[in-house]
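S.K.: Dumping the structure here so I can ask a few things about it.
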Amino acid sequence: MSRPRPPWPAHDTVVRPWRSATRGDRTVRQTATVTASVPPCIADAHWEPDGATAALLDRSLTALRALDEDGGAGPLHRLLTRTEAVATSRIEHEDATAEDVARALVGVRANTSASVMVQAGDALERLVRAAGAGHLDETALLDAHRGLLRGDPVDGPHAGRYRTVQNWIGGGRTPRDADHVPPPPEFVPSLMADLFAFLARDDLHPVAQAAIAHAQFESIHPFTDGNGRTGRALVAAVLRHRGATRTASPPVSSVLVAERTRYFQHLTQYREGHVDAWVRDVAIAVGAGSDEALVTGLLLDEVAADRAATTCASGPHAVLGRALDQDAVLTEDHAEELLRRAIARGDVSGMAETLLETTVTDLCRAGVLRPVTARRRRRAWIAPAVAAELDAFAERVRAGVEARAHRVAW
């Protein structure tokens, strides 16, 4: 007879006085207290999967390692990082096209969401790199958050610091009808210290540890803004820290954005002490996302091979063509730098500025590039074939999520 598995500890609550910082209607004025949710300490909490969940966790890790070995260390890594930044921002209702992101990279501020996506990608990379170097700690997390919110007109001054005010999720101008009221600010430092102690453990399956850490982080909600994007970057950081990957970051957000409602339901259930279903869904997200990313890698290899055999066979065309193996976006500064390096190596001859103009003109005529800016300097182009494959990746993920939803009851 198997012994029952211990339940995951549920959140507690605490009541605190509350007063709106601004004048409001009667409901706002009459709200005098806030009931906040206080996560349990999990540094030493015990959790173990049942047999089916253990098999699923191992399968997800196998898929992730296949991605890491096959494409994660190469051009696909940068493309997936960009795709993941777009997906994690879309969960927060920030939406922008690939063209918008390209413009944001060269300083065009026409779409605020695009700038958010670029910074989300930088923050993800910053945290994951630190974790890979053995530094999954408070310093690394605060540094990533600082990069995420740099320049934000409202929350920029609070970037890289834990909140000192009470926040809440949903519910309008007061926490009375909020979906979730995180712990009061004085609880945050000790709860985050406990979370980092949990992250230092090596007795949990890496994917399960990443899932639980994310849910705990979102429950604490330690920042005034950027919690969701930072918390989802934490999943990839845990997996890198545990050695589950060397260079690849699993496209987990690309799966979660396709089932956004289910994702938030899991976070609510976590606060009630239910963790198993959430761990299973993260395992599915890691496995399914990695499998689809491998397919995308193969398709992108075909695009690159066709480009190398035709319009980018040699000379400066090949130099810029290789850049498109790693990103759907090409900026003028990056292109000029690549050409200067090629000239210094003796691979091509001429002046970088002149080569850039003639080569980009040729690639645009051939449909390899498409301009997305109209100005004369600090221009940007997008590679339509690469962008199309990334869009197809997102669509395959979405279709897979919908098919699974029809087979499995939520």
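The values are calculated or read from the model by the stated rules, or taken from the named source; none is laboratory data. Since the model is a prediction, treat every value here as computed from it, not as a measurement. No Cβ is skipped: glycine too gets one built from the backbone with ideal geometry, and neighbour counts run over all protein chains shown.
S.K.: Out of the residues in region 271-280 that are part of a helix (DSSP H, G or I) and touching a residue at least 60 places away in the same chain (Cβ under 8 Å), state the one that is surrounded by the fewest Cβ atoms within 10 Å (Cβ to Cβ). If you could, list the steps in order and put the result at the bottom.
M.R.: Residues of region 271-280 part of a helix (DSSP H, G or I): 271, 276-280.
Pick out the ones that are also touching a residue at least 60 places away in the same chain (Cβ under 8 Å) and you get 271, 276, 278-280.
Values: R271: 19, D276: 17, W278: 22, V279: 26, R280: 21.
Across region 271-280, the extreme among qualifying residues is D276.
S.K.: Also, I was wondering about something else. Looking only at region 335-369, how many residues end up being in contact with a Leu (Cβ under 8 Å, 6 or more places away or on another chain) and closer than 11 Å to L320 by Cα?
M.R.: Residues flagged as in contact with a Leu (Cβ under 8 Å, 6 or more places away or on another chain) and closer than 11 Å to L320 by Cα within region 335-369 amount to 11.
S.K.: Report yes if some residue within region 262-280 is in contact with a helix residue (DSSP H, G or I) (Cβ under 9 Å, 6 or more places away or on another chain), at pLDDT 90 or above, farther than 24 Å from N167 by Cβ and of a type in the set (V, I, T); otherwise report no.
M.R.: Yes: one or more hits.
S.K.: Could you check region 67-79 and list, in sequence order, the residues that are assigned to a helix (DSSP H, G or I) and either under 10 Å from the mean Cα position of the chain (by Cα) or modelled with pLDDT under 65 (or both)? Before the answer, list the steps.
M.R.: So the first thing to find is which residues in region 67-79 are assigned to a helix (DSSP H, G or I), and the list is 67-72, 75-79.
Matches in region 67-79: G71, G72, P75.
S.K.: Then there's this: Give region 149-206 a look and list any residue that's among the aliphatic types (A, V, I, L, M), outside any helix (DSSP H, G or I) and surrounded by 13 or more Cβ atoms within 10 Å (Cβ to Cβ), or say none. Step through it out loud before you land on a result.
M.R.: The first filter runs over region 149-206 and keeps only residues among the aliphatic types (A, V, I, L, M), leaving 149, 154, 159, 165, 169, 178, 181, 188, 191-193, 195, 197, 199-200, 204.
After this cut, where a residue has to be outside any helix (DSSP H, G or I) as well, the list is 149, 154, 159, 165, 169, 178, 181, 200, 204.
Residues satisfying the conditions are L149, A159, I169, A178, V181, L204.
S.K.: Against the condition in contact with a Lys or Arg (Cβ under 9 Å, 6 or more places away or on another chain), buried (at least 24 other Cβ atoms within 10 Å of the Cβ) and outside any helix (DSSP H, G or I), how does T224 come out, does it pass?
M.R.: Numbers: in contact with a Lys or Arg (Cβ under 9 Å, 6 or more places away or on another chain): yes; buried (at least 24 other Cβ atoms within 10 Å of the Cβ): no; outside any helix (DSSP H, G or I): yes.
Against the criterion (in contact with a Lys or Arg (Cβ under 9 Å, 6 or more places away or on another chain), buried (at least 24 other Cβ atoms within 10 Å of the Cβ) and outside any helix (DSSP H, G or I)), T224 does not qualify.
S.K.: All but one of (1) surrounded by fewer than 24 Cβ atoms within 10 Å (Cβ to Cβ); (2) not in a loop (DSSP other than H, G, I, E, B) hold for V235, so report the exception by its number.
M.R.: (1)
S.K.: Can you tell me which residue within region 309-335, out of those that are touching a residue at least 60 places away in the same chain (Cβ under 8 Å) and either surrounded by fewer than 16 Cβ atoms within 10 Å (Cβ to Cβ) or small (G, A, S) (or both), is nearest to R378 (Cα to Cα)?
M.R.: Ranking the candidates gives D333 first.
S.K.: Just to be sure before I move on: is L300 outside the structural domain of V348 (by TED's automatic domain parsing), under 17 Å from A387 (Cβ atoms) and aliphatic (A, V, I, L, M) in the structure I sent? Break it down into steps so the answer makes sense when it comes.
M.R.: On the way: outside the structural domain of V348 (by TED's automatic domain parsing): yes; under 17 Å from A387 (Cβ atoms): yes; aliphatic (A, V, I, L, M): yes.
Judged against the criteria, L300 is a match.
S.K.: Another question, if that's okay. Out of (1) closer than 28 Å to V86 by Cβ; (2) of a type outside the set (G, A, S); (3) touching a Phe, Trp or Tyr at 6+ places or on another chain (Cβ under 7 Å), what's the single condition that is false for V275?
M.R.: (1)
S.K.: Going through region 39-56 one residue at a time, which ones are among the aliphatic types (A, V, I, L, M) and within 26 Å of the chain's Cα centre (by Cα)?
M.R.: So in region 39-56, the residues among the aliphatic types (A, V, I, L, M) come out as 42-43, 45, 52, 54-56.
Selection gives I42, A43, A54, A55, L56.
S.K.: For the list (1) in contact with a Ser or Thr (Cβ under 8 Å, 6 or more places away or on another chain); (2) closer than 30 Å to A293 by Cβ, I need the number of the one condition that R378 fails.
M.R.: Of (1) in contact with a Ser or Thr (Cβ under 8 Å, 6 or more places away or on another chain); (2) closer than 30 Å to A293 by Cβ, only one is false for R378: (2).
S.K.: Restricting region 1-39 to residues that are in a loop (DSSP other than H, G, I, E, B) and in contact with an Asp or Glu (Cβ under 7 Å, 6 or more places away or on another chain), which is modelled with the highest pLDDT? Lay out the reasoning, then the answer.
M.R.: Of region 1-39, the ones in a loop (DSSP other than H, G, I, E, B) are 1-11, 18-25, 31-32, 39.
Checking which are in contact with an Asp or Glu (Cβ under 7 Å, 6 or more places away or on another chain) leaves us with 5, 10.
Numbers: R5: 59, A10: 94.
This residue is A10.
S.K.: Let me ask something else. For region 338-385, enumerate the residues that are under 26 Å from the mean Cα position of the chain (by Cα) and either closer than 15 Å to T311 by Cα or exposed (fewer than 15 other Cβ atoms within 10 Å of the Cβ) (or both).
M.R.: In the first step, residues of region 338-385 are kept if they are under 26 Å from the mean Cα position of the chain (by Cα); the result is 372, 380-385.
Hits for region 338-385 are A383, P384, A385.
S.K.: I've got another one for you. I'd like the full set of residues that are modelled with pLDDT under 65 and part of a helix (DSSP H, G or I), limited to region 80-111. Lay out the reasoning, then the answer.
M.R.: Initial filter on region 80-111 (modelled with pLDDT under 65): 96, 102-111.
Within region 80-111, A102, R103, A104, L105 meet the criteria.
S.K.: Is one or more of the residues making up region 399-409 out of contact with any Phe, Trp or Tyr (no Cβ under 9 Å at 6 or more places or on another chain), outside any helix (DSSP H, G or I) and among the hydrophobic types (A, V, I, L, M, F, W, C)?
M.R.: Of all residues in region 399-409, those out of contact with any Phe, Trp or Tyr (no Cβ under 9 Å at 6 or more places or on another chain) come to 399-409.
Retained after the next criterion (residues that are outside any helix (DSSP H, G or I)): 408-409.
From the residues that got through so far, the ones that are among the hydrophobic types (A, V, I, L, M, F, W, C) too are 408-409.
Taking every residue of region 399-409 in turn, at least one turns out to be out of contact with any Phe, Trp or Tyr (no Cβ under 9 Å at 6 or more places or on another chain), outside any helix (DSSP H, G or I) and among the hydrophobic types (A, V, I, L, M, F, W, C).
S.K.: Looking at region 235-252, I want the residues that are aliphatic (A, V, I, L, M) and have a partner that is not in a helix (DSSP H, G or I) with Cβ atoms under 6 Å, at least 6 apart or on another chain. Which pairs are those?
M.R.: As it stands, the answer is A236/S249; A237/L136; L239/T245, since those pairs meet every condition given.
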